[in-house]
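Quick note: the coordinates plus some simple rules give every number you see, no bench work behind them. Note that the coordinates shown come from a computational prediction; the quantities given were computed from them, not determined experimentally. Heads up, the Cβs are rebuilt from the backbone with ideal geometry, glycines too, and the neighbour counts pull from every protein chain shown.
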Amino acid sequence: MKHRAEGVERRSLILAGIVLFFVLSAPSAGLCSEEKGFTLNLWPLLKYQGDSEGSRSKLRILGPLIYRRRGAERGEFALRPLFYWIKDGKENSLFVEYLYPLGKFKREDGYTRNYIVPFTTLRDEQEEQGRENHFSLFLYFRGQAEGGERYWGVFPLFGRLVNRFGRDRIRFYLWPIYSDVSDEGAYTWTFLWPILSRTRGEGKKAFRVWPLWGYKEEEHISRTDFVLWPFFTRRVRDLDTDDPEREYFLFPLYRGVRSKRARQVAILWPFFRYAVDERYGYKRWDAPWPFISFSRAEKLRRDLVFPLYYGKEAPGDRTRWILWPLYQSWDEQFGDQREVIRRYLLVNRIKTVFNDKGEVTSKQVSIWPFFRYSREGDKVSLDLFNLIPLRYEGFERNWAPLYTVFRYERRASRKKWDVLWGLYERGDPWE
């Protein structure tokens, strides 16, 4: 009994020592003042900060795993990497990410969208002619088109869709046994998709018994015929112009395209090709694609000897690859801005933006897996580490805080530091 009591007392002292260490080592533990507000730092278990007016607060539990921030008009809550919630009272919006990037919910200004890949989707928005929405859960779907017409179904048993997938209406029964589509006055009936199909209406007609024979025609515009697809194909298009184009394809031996001012010949398509277009002074040689390719035009020069070298010169666009993926660079002009991007081994990236005077307006440096640096105007930030080299807001919210052990920010003369998720923190916590 005496040894057991001594063991309990020893464990109690050790636990008390650990808690005391956290409290005493936290630089701002228990600090309370009217000017700075209240801070409780029990790193790494908990850190709470509140302003003197009680309108703003920030809470972190277990480092970056649980995060809550509350402001006068905006609130955020995170259970990383499973869940992130943002509510903005000023914008009257609600935004939720779950299992990012698989799930997202967004609601603002009469628009609602929700999805969890690959299980469910929801879209609801107000259009000029009425409300439009669509909901799906696994194989079940239902919705309402902009004009108020409703639809629903269970794929592949039966169903009807309105203004979906770029078509006016779609119906199906025991798909792929039967389906029909109407679009801009043309109707298509399909049996045992994709084998038997027929289209009529608005100057369009088509019929196929795939892969044996078929054709598709748009009156006075184009026609395509095939026999034993994909081996024999003939296509004519641009019939409504003074320069129609004709194509013959004997897969994979020969492909020829010809018009009055352009022609193209491919042998063992797509590997060996020669193309000429007199309208633009364009010529191209592939021998074999995608390893060796050269293109020339009045304002274009493009050379590819993969993976040794790739170069492209065009107005507002200059691209270089050397020993891909060792080095890649893009130099592009967007209005008054010039953007230069350089990549090393795909994941290491340097991006520089210049204004019309040649001055640097922003710079980003990402060296995987060590750090990310960003400067835009008077705002500078530096993060350690950089395990996922993707710059998307969703990754910044849900994943980056889990491995960012150091963060430094500077805006004008104001600086902010955060080491090990709140162990050491300096600067304005509300910026």
Hey, got the dipole for region 82-168? About the Cα centre, +1 on K and R Cβ, -1 on D and E Cβ, debye to the nearest 20? 380 debye
Read-out P(r) over Cα pairs in 20 Å bins from 0, in percent, derived from the coordinates shown; its label in [x] 23, 43, 28, 6, 0; [y] 16, 34, 36, 12, 2, 0; [z] 24, 52, 23, 1: [y]
Only Lys, Arg (+1) and Asp, Glu (-1) charged, at Cβ; region 168-256 dipole about Cα centre in debye: 540 debye
Round to the nearest 10 and give me the degree value, 0 to 90, for the angle of helix 2-25's Cα axis relative to the longest principal axis of the chain. 70 degrees
Given only helices, namely DSSP H runs of n ≥ 4 each adding -39500 (n - 2.57), what is the per-residue ellipticity at 222 nm of the chain, to the nearest 500 deg cm²/dmol? -2500 deg cm²/dmol
Of LYS58/LYS87; LYS260/LYS283; LYS58/LYS90; LYS104/LYS351; LYS90/LYS416, which pairs sit farther than 22 Å apart, going by alpha carbon to alpha carbon? LYS104/LYS351; LYS90/LYS416
Could you tell me which of LEU420, ASN163, TYR67 has its Cα farthest along the dipole of the chain towards the positive end, charges placed at Cβ (Lys, Arg +1; Asp, Glu -1), taken about the Cα centre? LEU420
Under the rule a/c < 1.5 gives rounded, and otherwise a/b versus b/c splits prolate from oblate, where does region 272-431 land using the Cα gyration tensor? prolate
Taking the dipole about the Cα centre of the chain, with the C-beta of Lys and Arg at +1 and of Asp and Glu at -1, give me whichever of TYR309, THR233, TYR373 is farthest to the positive side. TYR309
About its Cα centre, how strong a charge dipole does the chain have in debye, to the nearest 20, once Lys and Arg get +1 and Asp and Glu get -1 at the Cβ? 1420 debye
Multiply the residue gap between LYS416 and ARG237 by 0.36 nm, knock off their C-alpha separation, and tell me the result in nm, one decimal place. 58.2 nm
Quick one: Cα centre-to-centre distance for region 325-385 and region 166-212, in angstrom? 49 Å
Cα gyration tensor of region 287-379, axes a ≥ b ≥ c as square roots of the eigenvalues: rounded (a/c below 1.5), prolate (a/b > b/c) or oblate? oblate
